[in-house]
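Peer 1: Take this structure, written in structure tokens, and hold onto it; I'll ask about it next.
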Amino acid sequence: MKLVRVILTVAVALTLQMTLARYAVAGRWVFDLVVVGVIYAALYWGPAAGMWTGTLGGLTQDALSGDVVGLGGFAKTVVGYGAGVLGAQFIVARPFARSGAVAVATLVHRMIVVGLLAVVDRDWPGFSWTAMLMETGLNTVAGLLAFQLTEMLPGALEQSRDRRRSSLSRRRW
């Protein structure tokens, strides 16, 4: 069952990333929703799920983006496992704690990718601190929304079912 959740999380994150990437105006709106999905899986289902989500999501994203295949996969795997371990050790149930985990994971992920690119690609132009901070902010907001929506959704569905049951019982008199 956890494998299905991991695959679904990766599919949703990749779909949202590819759909919203066209709104990234000339690289000014940088975000990585796959990292958000990895942290989501790691905090909800543990380090193994975070690692598998990072591996699957990172390698798929690398293959689709045309970057060096494996860099993003490795970075997301490390970040997913680390977030899962820290999430198991500390109480990360509050929205701000989860947002903080997404922010830290985004920074760690970007630093791993930057470090590996500096070693692998000699023509690599460097990176922008502004873009990295923008990515961290946008990922943090996306993570906050993802966690809040998934916590509100079961309650909203249950209220909807209760209303339907209530209206059906009144019709039968």
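None of the figures in this text is laboratory data; all of them are computed from the coordinates on show. Bear in mind that the values here come from a model prediction, so they are computed numbers and not experimental data. Quick reminder, even Gly has a Cβ in these numbers, built from the backbone with ideal geometry, and neighbours come from all protein chains shown.
Peer 1: Using DSSP to call loops (not H, G, I, E or B), can you name the trypsin sites (Lys or Arg not before Pro) in segment 1-103 whose Cβ has at most 15 other Cβ atoms within 10 angstrom?
Peer 2: Taking segment 1-103 and a limit of 15 other Cβ atoms within 10 Å, the loop trypsin sites (Lys or Arg not before Pro) found are R28.
Peer 1: Mind checking which of F74, T150, G54 is farthest towards the positive end of segment 2-171's charge dipole, using Cβ charges of +1 (Lys, Arg) and -1 (Asp, Glu) about the Cα centre?
Peer 2: T150
Peer 1: Loop only per DSSP, at most 15 neighbouring Cβ atoms within 10 Å: give me the chymotrypsin sites (Phe, Trp or Tyr not before Pro) in segment 22-104, ordered by residue number. Please list the in-between numbers first.
Peer 2: Details: sites: Y23, W29, F31, Y40, Y44, W45, W52, F74, Y81, F90, F96; in loops: W29, F31, F90.
Passing both the DSSP loop test and the Cβ count: W29, F90.
Peer 1: Counting other C-beta atoms within 10 Å, which of V10, V36 has the fewest, and how do the rest follow?
Peer 2: Working: V10 24, V36 27.
Neighbour counts put them in this order, fewest first: V10, V36.
Peer 1: What does the highest-first list of 100-108, 146-154 look like by mean Cβ count within 10 Å?
Peer 2: Values: 100-108: 20.7, 146-154: 13.2.
By packing density, highest mean first, the sequence is 100-108, 146-154.
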